[in-house]
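Shown next, in structure tokens, is the structure this report addresses.
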Amino acid sequence: MVALGSSFAAGAGITPIIDRKANRSAGNYPYLVAASIGAKLTDVTVSGATTETILREPQRLGSRRLPPQMQSFAPDADVDLVTLTAGGNDLRYLGTLISVAYGSWLEARPATRVLGRRLRAAAVASPSTQREVDAAAAGLVSIVEAIRERARSARILLVNYLTVVGPATAPSRAAPFTADELASFRRIADQLKQAFVIAESATDAELVDVAAISETHGLGSQDPWVQGFAPRSAREAALFHPTPAGMRAVASAVVDHFHSRP
């Protein structure tokens, strides 16, 4: 099994962290899936990855320069299963959530009000253009095609993103956004889901729709599967990312899908 992707696959902030630069956890869904199905895992997921840094561009992490994740594949690799979670950073989804949240937090304090307004204004929670959505989908398609060239018989699972802003999410400490900002974030999440649907329809990859199963587990729900806004806390590295419970839910969905056909 090979795992490719960004922070929602890497397990940002979930202990134990086994690669601090990549912000990769041994409690992420690839590790949980591999343990469940008895697979030997190669996990090259990296927080902050885009479809380009998975496919062809090196990813810079401070002084470290990581090769494209696809270089983990050798031609005719002996791989049975590949999971892929990417595209969110292509649409600046999580980065915008975090920037707007910090802007709101700073804006609420007299000493940092001006800075917060500037940060919030610069971040702007606005949906992507259709051209950007199509580009993210094309990036996913290109990765699937590159996987297929290297692992001809592998099952390729497109695992999309857990819901962060659910239908019932309202402004709160965990979600420090205006109603309009929340509506914009829902729209961006819908666009990200659209990119995965486009990629599935254009390839032989299979979609594991964890966004759908987590709609009632967004911020502000009784059982959130993502971390809310908690600055200056031990969970600051995982803001708006999957919790351990969220990762277990993703892993369960992937395993169920894997066993759904031979």
Item to check | Environment charge of ALA170, counting only residues whose C-beta is closer than 13 Å and scoring Lys/Arg +1, Asp/Glu -1 | outcome: 0
Next on the checklist: If you roll a 1.4 angstrom probe over the protein chains with everything in place, what fraction of the accessible area of the chain belongs to carbon and sulfur, to the nearest %?
Outcome noted: 52 percent
Checklist entry - Based solely on its DSSP helices, what 222 nm [θ] is calculated for the chain when runs of n ≥ 4 H residues each add -39,500 (n - 2.57) and the sum is averaged over all residues, nearest 500 deg cm²/dmol? => result -13000 deg cm²/dmol
Checklist outcome for this item: Taking Cα pairs closer than 8 Å and at least 6 residues apart, the relative contact order of the stretch 91-164 in percent is 24 percent
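Under 13 Å from the Cβ of THR53, count the other residues' Cβ atoms, weight Lys and Arg +1, Asp and Glu -1, and hand me the total. Numbers along the way, then the final one.
Values: positive: ARG56, ARG60, ARG64, ARG65; negative: GLU52, GLU57, ASP90.
Charge balance in the 13 Å sphere: +1.
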Item to check | Label-to-label distance, nm, for residues given as GLN222 and THR129 (7 Å Cα→Cβ offset) | outcome: 4.5 nm
Checklist entry - Of GLY87, GLY13, GLY38, which has the largest mean-square fluctuation in a 10 Å C-alpha GNM of the chain? => result GLY38
Checklist entry - Among VAL79, VAL46, VAL164, which one shows the biggest mean-square fluctuation in a GNM of the chain, springs joining Cα atoms closer than 10 Å? => result VAL79
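Restricting attention to the stretch 95-182, which trypsin sites (Lys or Arg not before Pro) occupy a DSSP loop and are surrounded by at most 14 other Cβ atoms within 10 Å?
ARG152, ARG173
Might you tell me the accessible area per residue for the stretch 10-79, computed with a 1.4 Å probe and given in Å²? Present the calculation step by step, with values, prior to reporting the outcome.
Numbers: 3480 Å² over 70 residues.
Per-residue accessible area for the stretch 10-79 comes out at 50 Å².
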Checklist entry - Counting alpha carbon pairs within less than 8 Å and at least 6 residues apart, what relative contact order, in whole percent, applies to the chain? => result 21 percent
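Report the net charge of residues surrounding ASP90, where surrounding means a beta-carbon distance below 13 angstrom and charges are Lys +1, Arg +1, Asp -1, Glu -1. Let's see the in-between values first.
Numbers: positive: ARG92, ARG131; negative: GLU52, GLU57, GLU132, ASP134.
So the environment of ASP90 carries a net charge of -2.
Using a 1.4 angstrom probe, figure out how much accessible area the stretch 141-262 has per residue, in square angstrom, rounded to the nearest whole. Don't jump to the answer; show the numbers that get you there.
On the way: 5420 Å² over 122 residues.
Result: 44 Å² of accessible area for each residue.
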Checklist entry - Among SER36, SER128, SER104, which one shows the biggest mean-square fluctuation in a GNM of the chain, springs joining Cα atoms closer than 10 Å? => result SER36
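The values are calculated or read from the model by the stated rules, or taken from the named source; none is laboratory data. The shown structure was predicted, so the numbers you read here are calculated from the model rather than taken from an experiment. Every residue, glycine as well, gets a Cβ built from its backbone with ideal geometry; the counts of neighbours run over all protein chains shown. The accessibility values were calculated without ligands, DNA or RNA, using every heavy atom of the protein model including side chains. Shrake-Rupley method; radii C 1.70, N 1.55, O 1.52, S 1.80 Å.
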